[in-house]
Amino acid sequence: AQAKVLEVRAGSVAEEIDITLGKTRKTYEAAGRVLDEEGRPLAGIYVQLGSLPTDGKELIGNMSGVGPTDERGEFRAKGLMPGRWGAWGTDGDPDAGKQGNSYGDMAAFEVVDRNIGGLELRMSRGAKLSGVVQIEGTSDPAVLARRPELKLWVQVNAPPGTSSPPSYALGDIRPDGTFEVTGMRPGKVNFQLAWPRPKGFSLLSVKRDGVELPGGLEVRKGEHVRNVVVAYAYGTSVVRGQVQVNGGPRPTGARLFAQTRRPGGTAAIGWGEVDALGRFVIENLSAGEYELVLMDFSASDVPFEKRQPLARQTISVPESGELKVTLAYDVSVAPKEDEP
């Protein structure tokens, strides 16, 4: 059936509208067990499933998980369409972003024309991260007392081209500022300020043993990483800007964002999307020096972490005020790589 445009006017009633549904496709089930590293069944584990492309290993989507597993470690997923799938166990409450002490390796399988049985999903002891959250840019006791409102979103992204599922956790911050996150898979861990973000706060830096880690924190299997310091900045300043496009028209399909970074860093402290007129607003910044960069986050084969700024300039943000800037973007000049 072909879609048709339906026009509805105020106060009118649209009648004799027929909707033709597509043919119902047969779905299938996948069943198996979740085991620990010694091959013993695990109860209480949730199982997540994601679709896999026919020509690669990288997950392209998720569906609702199933579980928890029973005392024999068994699970059953229903409603699977034909195609390639990946399944893995999650220890904890995946809907809340919280994990237990282990992570699951993904098992790939393909649904063709029958149910799948005998799947075995393995769980391994995950890494533990512990440290403290600091708030910079203010000494106001009322602001410092809001530290428990902040929540850490901690995530290990799967390397491009691999079948490793993402690993994430939502970490609570104790009144004394300490935190602990468990069950993380090996890889490079990135920290973010979880939504909803309290107004005025932004992620400033992540350090371990005094060394800043702008590209993330590398963790090994089962490792306990201590002395992590996550610094948040508090501020109410605003950068209100205009992107001036030179050397040609704005690229078609470009989704431009303005970001503020600390000088020499690559992590975004604040950001704002550039509208069709070239305007952007970045809020909740603390006073100080920043590098203002322009990024294109439209669809591309280049991973986000490897994309280079289209334009950049140094700005000085005032205390509790507004800074107006013009950021020049020359479309005829190739982006310059960030210096290591």
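For every residue, the table says whether it meets (1) small (G, A, S); (2) in the same structural domain as V181 (by TED's automatic domain parsing).
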position: G216; (1), (2): yes, yes
position: R220; (1), (2): no, yes
position: G241; (1), (2): yes, no
position: N246; (1), (2): no, no
position: L277; (1), (2): no, no
position: I282; (1), (2): no, no
### Message
Restricting to segment 226-254, count the residues that are over 18 Å from Q313 (Cβ atoms) and buried (at least 19 other Cβ atoms within 10 Å of the Cβ).
### Response
6
### Query
In this structure, does S164 turn out to be in the same structural domain as E136 (by TED's automatic domain parsing), crowded, with 16+ Cβ neighbours inside 10 Å, small (G, A, S) and under 19 Å from V133 (Cβ atoms)?
no
### Task
Could you check, for segment 225-244, whether at least one of its residues is in contact with a strand residue (DSSP E or B) (Cβ under 8 Å, 6 or more places away or on another chain), more than 22 Å from V133 (Cα to Cα) and assigned to a loop (DSSP other than H, G, I, E, B)?
no
### Query
So which residues in segment 102-158 are loosely packed, with under 14 Cβ neighbours inside 10 Å and under 22 Å from the mean Cα position of the chain (by Cα)?
P148, E149
### Answer from G86, G92, G131, G117 - the residue that is in a strand (DSSP E or B) and at pLDDT below 90
G92
### Query
For segment 195-224, which residues satisfy the criterion of being outside any loop (DSSP other than H, G, I, E, B) and not hydroxyl-bearing (S, T, Y)?
F201, L203, L204, V206, K207, R208, V211, E212, L217, E218, V219, H224
### Task
Quick one: which residue in G44, G67 is at positive phi, modelled with pLDDT of 90 or more and surrounded by 10 or more Cβ atoms within 10 Å (Cβ to Cβ)?
G44
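Name the single residue, out of those in segment 168-227 being among the β-branched types (V, I, T) and under 17 Å from the mean Cα position of the chain (by Cα), that is nearest to S124 (Cα to Cα). Break it down into steps so the answer makes sense when it comes.
In the first step, residues of segment 168-227 are kept if they are among the β-branched types (V, I, T); the result is 173, 178, 181-182, 189, 206, 211, 219, 225.
If we keep only those that are under 17 Å from the mean Cα position of the chain (by Cα) too, we end up with 181, 189, 206.
Details: V181: 16, V189: 17, V206: 26 Å.
This residue is V181.
With respect to R261, determine if the residue is within 30 Å of P186 (Cα to Cα) and free of Cβ contacts under 8 Å to residues at least 40 places away in the same chain.
Details: within 30 Å of P186 (Cα to Cα): yes; free of Cβ contacts under 8 Å to residues at least 40 places away in the same chain: yes.
Yes; evaluated as a whole, the condition is true for this residue.
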### Message
Pairs needed: first member in segment 69-80, closer than 15 Å to R122 by Cα and in contact (Cβ under 8 Å) with a residue 12 or more places away in the chain; second member anywhere, among the hydrophobic types (A, V, I, L, M, F, W, C) and surrounded by 14 or more Cβ atoms within 10 Å (Cβ to Cβ); C-beta distance under 6 Å; at least 6 residues apart or different chains.
### Response
T69/V34; T69/I45; T69/F75; G73/V34; G73/L42; F75/V47; F75/V66
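The values are calculated or read from the model by the stated rules, or taken from the named source; none is laboratory data. Computed from a predicted model, the values in this text were never measured in an experiment. Note: ideal-geometry Cβ built from the backbone for every residue, glycine included; neighbour counts use all protein chains shown.
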